[in-house]
Amino acid sequence: MGILLPMMYASLFLLASGALASHDPEGSWAHPGAMLEGCPTSCGNLSVDYPFGIGSRCSRGPDFNLTCNDTTKPPTLFLSDGISEVLDDLAVSYQDDGNLDKIFSTSFRHTILMKPGVHVYDWSFKPPGRSFEYIGQTALNITGCDLDVYWVNDNAGTTTRACRTVCPDQGITETVARHRCNGTGCWSKSNRTAPLWDRISITDDGGVMISWSIVDQPNCVAAMRDRTAYACVSKNSDCYDTGEGYACICNDDGYARNPFTPDGCSNDKGYNPIPSRADCTRRCGNITVEFPFGIEEGCFAREEFHLNCTNTTSSAVLLLEDFEVTGMNIEKGTIEYNGPTRGPLSDTSGGRILFVGYELFSSLRWVAANLSCLEAQHNISGYACVSINSRCLEVNATYDYSFFEAPKEDTYVGYRCKCTDGFKGNPYIQNGCRG
């Protein structure tokens, strides 16, 4: 059966039907300025940014310590309580108003094993840590036999009878009970077949929305007094009060990405290493268009890598702005083209020098971002070299000429990716470098 509950601190008091303690795992937590090299950045198809992390060395504290269960297909990501499954990316992103997007959805399942002679069971319905707050309301599904369920509102100090379950058949299973229900509580996705008399199952219906903040200090003023624990460690980052604590953002002077990591706020905010589409067209005429480039929305890593495939009367033509692309080599980081050596790519590159060309040859070299390798690796969610057996390679514009001005000798442009020695393929996609 189901009960609709507002998201607040509450307990369920079940008759006939102990207490669930919050999990506070031990560990050596990552300092705000710590290097996060080697920390997992994803679990299944979900991405993870600091202050969240998979493992204590990779997270800010107990509340942000995640568990990735890779025995499931796909792998599933859980908050520190072990029962709240994360359904959204935990990547640092921003709302339209410029503030941090701190809301994500979860789903939970908890099972209380019943014991002989025990007739009262409690389950605390509280956020999975001080850093979190429930948003909105949700429906709870409670499955069990011969239970009287009471809702105890800890804030108001009230106890309300919520519902009752009855199992006339001694051998009824959870699956059968849900198929024979009378219209109340038939929503569960469970397919368990164990008898209902020895357990109580509690699940949500449709997900639970959670908001997070940094709560080791009540506001920004207090947080900035202790710089060793202050969360907004990046240059060009700002702090704002959330009411429960504080949060960090990159300032509005063109900086974005992750303010919680050193040099995480970058003014090159355009690279997204995870395409949002899986059915991308990767051919234009006889040219293969590999990621990070793409033809359709959701298929390229940044807007500057959006190519246009134009059908003509004779064949398909691949265009980078006004340049006709005649070949691409992802491993070497080059594009061959027909057209003048210099050209108006400022609209495509947003004023950035992402493409540099040789004066005497119709060839371009390109970089993933105008960042050093160290800067790029600090911002894992925007780091381009995602394949195992790939490495970062810094690109200078020595003897090259850009489309905006002639860089002086040894002018640094940015970084690109390359498979390590003995491997070939595409270092910009998962498992793209193969032996």
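The values are calculated or read from the model by the stated rules, or taken from the named source; none is laboratory data. In this text, all values refer to a predicted model and were calculated from it rather than measured experimentally. Here Cβ is always computed from backbone atoms with ideal geometry, including for glycine, and neighbour counts include all displayed protein chains. Protein only, heavy atoms only, side chains kept; ligands, DNA and RNA dropped before computing areas. Shrake-Rupley method; radii C 1.70, N 1.55, O 1.52, S 1.80 Å.
Details
- A count restricted to region 201-258 and to residues that are open to solvent by less than 70 Å² (accessible area, probe 1.4 Å), at pLDDT below 90, over 26 Å from Asn370 (Cβ atoms) and not small (Gly, Ala, Ser) stands at 5.
Residue-wise test of (1) open to solvent by less than 70 Å² (accessible area, probe 1.4 Å); (2) small (Gly, Ala, Ser); (3) in contact with a helix residue (DSSP H, G or I) (Cβ under 8 Å, 6 or more places away or on another chain).
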| site | (1), (2), (3) |
| --- | --- |
| Glu290 | no, no, no |
| Ile295 | yes, no, no |
| Phe300 | yes, no, no |
| Phe305 | yes, no, no |
| Asn311 | no, no, no |
| Ser315 | yes, yes, no |
| Leu318 | yes, no, no |
| Phe323 | yes, no, no |
| Gly327 | yes, yes, no |
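- Single residue of region 87-112 satisfying the filter (closer than 25 Å to Ile380 by Cβ and of a type in the set (A, V, I, L, M)) that is surrounded by the most Cβ atoms within 10 Å (Cβ to Cβ): Val92
- Hits in region 48-86 - residues which are polar (S, T, N, Q) and either in the same structural domain as Cys385 (by the TED database) or surrounded by fewer than 20 Cβ atoms within 10 Å (Cβ to Cβ) (or both): Ser56, Thr67, Asn69, Thr71, Thr72, Thr76
- Subset tally (residues that are open to solvent by 60 Å² or more (accessible area, probe 1.4 Å) and assigned to a strand (DSSP E or B)) for region 113-157: 6
- Being at pLDDT 75 or above and either surrounded by 13 or more Cβ atoms within 10 Å (Cβ to Cβ) or not in a strand (DSSP E or B) (or both) is a condition met by no residue of region 179-195.
- The set of residues in region 414-429 being aromatic (Phe, Trp, Tyr) and touching a Gly at 6+ places or on another chain (Cβ under 8 Å) consists of Phe423 alone.
- For Arg60, the requirement of being within 26 Å of Cys385 (Cβ to Cβ) and of a type in the set (Lys, Arg) is met.
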